[in-house]
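Each remark here refers to the structure printed beneath this line.
The values are calculated or read from the model by the stated rules, or taken from the named source; none is laboratory data. A quick note: this is a predicted structure, and the numbers were derived from the prediction, not measured. We place every Cβ from the backbone using ideal geometry, glycine too, and count neighbours over all the protein chains shown. Note: areas computed on protein heavy atoms with side chains; ligands, DNA, RNA excluded. Shrake-Rupley method; radii C 1.70, N 1.55, O 1.52, S 1.80 Å.
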Amino acid sequence: MRLILELALTHIAGRGRQTVVAILGVALGVGFSIAMAALMQGTEKDFIAQLVDTMPHVQITDERRTARRQPAEDLFAAAQFEGLRPKEDRRGILNPAAAFASLRSWVPGRMAQSLRTQGVVRYAGRDLGVSIVGIEPEIEAQVSSVAADFVQGSFDALRAGGNNIIVGDGLARRLGATVGTTIQVVAPTGQSRSFRIVGLFHTGNTARDEGETYVLLKSAQILSERPNAINDIRLRLDDPNAALRVARQAEAELGYKAVPWQEANESLLEALVVRNVVMYTVVGAILLVAGFGIFNIISTITHEKARDIAILKSLGFTQGNMRRLFLVEGLALGLAGSLVGWLVGFLLCFALSQVEFRLSGAGVGRELTRLPLFWSPWHYAIASAFALISSGVAGYLPARQAARLNPVDIIRGAT
Amino acid sequence: MSALIEAEHLTRILPATVPVTLVRDVSLTVGEREFIAITGPSGSGKSSLLYLLGLLDRPTGGTLRIAGQDTSAMDDDALARLRLEMLGFVFQFHFLLPEFTVSENVQLPMRKAGRLSAREMRERAAGLLEELGLAGHLDKRPDQLSGGQRQRVAVARALANDPHVVLADEPTGSLDSKSSEQVFQILRDLVRKRGKTVIAVTHDMDIAARADRRIHLVDGGVVSDERAAPAAV
Ligand SMILES: Nc1ncnc2c1ncn2[C@@H]1O[C@H](COP(=O)(O)OP(=O)(O)O)[C@@H](O)[C@H]1O
Ligand SMILES: [Mg+2]
């Protein structure tokens, strides 16, 4: 009703400074919420993008999700095994060439196969445990993020000789080695060979920089005495979001465990959810406080305008009209605060997007950084919705009180 | 003469540890075109009775019919509707909304009723205010007027929706004698010229003497209810 709106605006206009404070309270709440949401979602997207960038989207290893059944288990209702040992170590993906070829026929993206084993590198009297990854340099370069993290050399350098090795810069530092140094690699089989360092990489991940080495696939197979063996297939998909589907299909097809990046980082992704919950709690708290400002002003108005309420009621206005009047006042403040808040939020986001800072010790090529901000109309809508709900409640409580007021009490009090 | 207001054994007791009886067993019938003065000592329940008759308060006993409708079964919204359409109030203090102009104040009840267009409401308010001698004050704020002028604005507001009954609680109580006389004349003209019924609580014996009917209250009860010949003045 227009009349109610007009009365409401008159009341609000009558309390200039308090109104400004209440509106600013909501505006700051809404503005900070918007900026915070933009920053939170921006960093989240940035984080996931980096995650997706550095990890294989799907990793297929020679493990199985459930233990393989022994023939005896199928034959007898109950079976107990003691001291059973395979006649021959057949670990690794069976028939890797066929598996690789069949995947290649349908997987939307690129893929690389490798043999991953543990070993010890030895140089100048120092022994360090490492993982040794046997790769095919030309396809590895298309799949692995390490290709972009080389400080010296590249995957291609491996091809120059059978005894070449690439190590992380951390490992080189700990060994006291550098490019050109020849180091000794000992495999669990007891095999030992000399390798010459032809490349150094720095991923920023200490565990990898200090513990990962790359050699040719052939060399790894010789070291572990498993010719033609593969125990790791990594997929880099055109669309990282397809990882779950592709992993499920690959697992069904090959029978080996295929882990999509979402599963590999489950705990990290859960942490992001927690972070969002924290954010919305803080936003809710801010707007709740803003709601108190509104509650305060509406309560003041209802007390101050008790006479008006009485007279309006005596003229024939209903309780419902009075409730609506003060509810509208609360909502009007919330709405005004929201609109100003949008501007505050927009300006805050703009200011934040202008901030540049240096990340000390960051990787090659990404030293100068800006805050990742993600712009979405949803942030504005959600912040406003929170603000309107909170101001609606803040208006409704005193409104209900005021509507119940008995006009006779006030009129009698005035005479 | 059809009855506008019929009260039977109307009683209002304030519930408390020691209950206070505001109005005690009042029965009366009010018809059209009556000019009634309610008199009585201070604290005798005059205002309380007026609030009951004006549907601002509910009785704790007895029945009250307005234009034949029993009000005891009505909910608050129905009572508000009846107030809006049938009744107009004038209090000792004008109770105008200070933020609105004189004309806007008079239009408030019309807007609430929502039957007229914006223009019709403006014209009706102007007409009422003119008749009450306030032609030049339409766009002034209440605080720019004298007490007598404000009380006349309150009368205009009470007449906004063309009610059957105007209830006035000491309408001249805070006015000087000249303004009092003016307001009295206006109230009397409402009866004589417009055919309204006016019920006015008053301390002013001069005014009471010139009313058509005088109801005297003591301790919340009616002790006398007498009619005078209309030719008295
Ligand atoms: N809320 C209340 N609590 C206690 N006593 C009240 C209350 N309201 C009115 N009264 C008493 O009821 C009586 C009637 O009051 P009222 O109708 O205002 O009388 P009048 O208008 O004739 O002066 C007075 O004695 C007054 O003090
Ligand atoms: Mg009184």
Rounded to the nearest 10 degrees, what's the angle between the helix B:177-192 long axis and the longest principal axis of chain B, both from Cα atoms, 0 to 90? 80 degrees
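Rounded to the nearest 100 Å², what is the buried accessible area between A and B, both sides summed, probe 1.4 Å?
On the way: alone 22220 and 11130 Å², together 30880 Å².
Approximately 2500 Å², summed over both chains.
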If the chain between A:THR61 and A:ALA49 were fully extended at 0.36 nm per residue, the gain over the current Cα-Cα distance would be 2.0 nm
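DSSP loop (so not H, G, I, E, B), at most 14 other Cβ within 10 Å: list which trypsin sites (Lys or Arg not before Pro) in segment B:33-105 pass both filters.
On the way: sites: B:ARG33, B:LYS46, B:ARG65, B:ARG81, B:ARG83; in loops: B:ARG33.
Answer by residue number: there is no such site.
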Dipole-positive endmost among A:ILE197, A:ALA243, A:ASN231 within the protein assembly as shown (Cβ charges, Cα centre): A:ILE197
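Please work out the FRET efficiency for the pair A:ALA101 and A:THR281, using the Cβ-Cβ distance as r and a Förster radius of 41 Å; give the result to the nearest 0.05.
0.20
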Considering the dipole of the protein assembly as shown built from charges on the beta carbon (Lys and Arg +1, Asp and Glu -1) around the Cα centre, which of A:LEU103, A:ILE301, A:TYR396 is farthest to its positive end? A:LEU103
Taking every DSSP beta bridge with both residues inside segment B:3-226, roughly what % is antiparallel (nearest 5)? 55 percent
What angle do you read, to the nearest 10 degrees and between 0 and 90, between the alpha-carbon axis of helix A:16-54 and the longest principal axis of chain A? 10 degrees
Lysines within cross-link reach of B:LYS196: Cα-Cα under 21 Å, excluding same-chain residues under 8 positions apart? B:LYS46
What's the longest bit of chain A with no exposed GluC sites (Glu not before Pro), using DSSP loop states and at most 16 other Cβ atoms within 10 Å as the test? A:226-366
Can you show me the helix-derived [θ] at 222 nm for chain A, built from DSSP H runs with n ≥ 4 at -39,500 (n - 2.57) apiece and divided by the number of residues, rounded to the nearest 500. -18500 deg cm²/dmol
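What is the magnitude of the charge dipole of the protein assembly as shown about its Cα centre, with +1 placed on the Cβ of each Lys and Arg, -1 on the Cβ of each Asp and Glu, and no other charges, expressed in debye to the nearest 20?
Values: 71 positive and 67 negative charges, 79 e Å.
Charge dipole of the protein assembly as shown: 380 debye, to the nearest 20.
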At a cut-off of 10 Å², which residues of segment B:45-69 become less accessible once all protein chains are present than in their chain alone, using a 1.4 Å probe? B:SER48, B:TYR51, B:LEU56, B:ASP57
Can you give me the distance in nm between label points at A:ALA13 and B:LYS178, each placed 7 Å from the Cα along the Cα-to-Cβ direction? 3.5 nm
Each label sits 7 Å from Cα toward the beta-carbon; between A:GLU225 and A:LEU405 the label points are separated, in nm, by 9.5 nm
Taking a ≥ b ≥ c as the square roots of the Cα gyration tensor eigenvalues, with a/c under 1.5 meaning rounded and otherwise prolate when a/b beats b/c, else oblate, which class fits the protein assembly as shown? prolate
Longest chain A segment clear of trypsin sites (Lys or Arg not before Pro) sitting in DSSP loops (not H, G, I, E or B) with at most 10 other Cβ atoms within 10 Å runs A:91-365
Starting from the Cα gyration tensor of segment B:3-226, take the square roots of the eigenvalues, sort them a ≥ b ≥ c, and report rounded, prolate or oblate (rounded when a/c is under 1.5, otherwise prolate if a/b is larger than b/c, else oblate). prolate
Separation in nanometres of the label points that stand 7 Å from Cα toward Cβ, at A:LEU75 and B:SER224: 12.6 nm
Taking chain B and counting helices only, DSSP H stretches of n ≥ 4 at -39,500 (n - 2.57) each over all residues, the nearest-500 ellipticity at 222 nm comes to -10000 deg cm²/dmol
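Carbon and sulfur atoms: what percent of the 1.4 Å accessible area of the protein assembly as shown do they account for? Working shown, then result.
Values: 17100 of 30880 Å².
Carbon-and-sulfur percentage of accessible area, whole number: 55.
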Under the 0.36 nm per residue contour assumption, what length would be gained going from the current alpha-carbon distance of A:GLU356 and A:ALA381 to full extension? 6.2 nm
To test your reading of the geometry: what angle, between 0 and 90 degrees and rounded to tens, separates the Cα axis of helix B:118-131 from the longest principal axis of chain B? 80 degrees
Note down the relative contact order for chain A as a percent, whole number, built from C-alpha pairs under 8 angstrom at least six residues apart. 28 percent
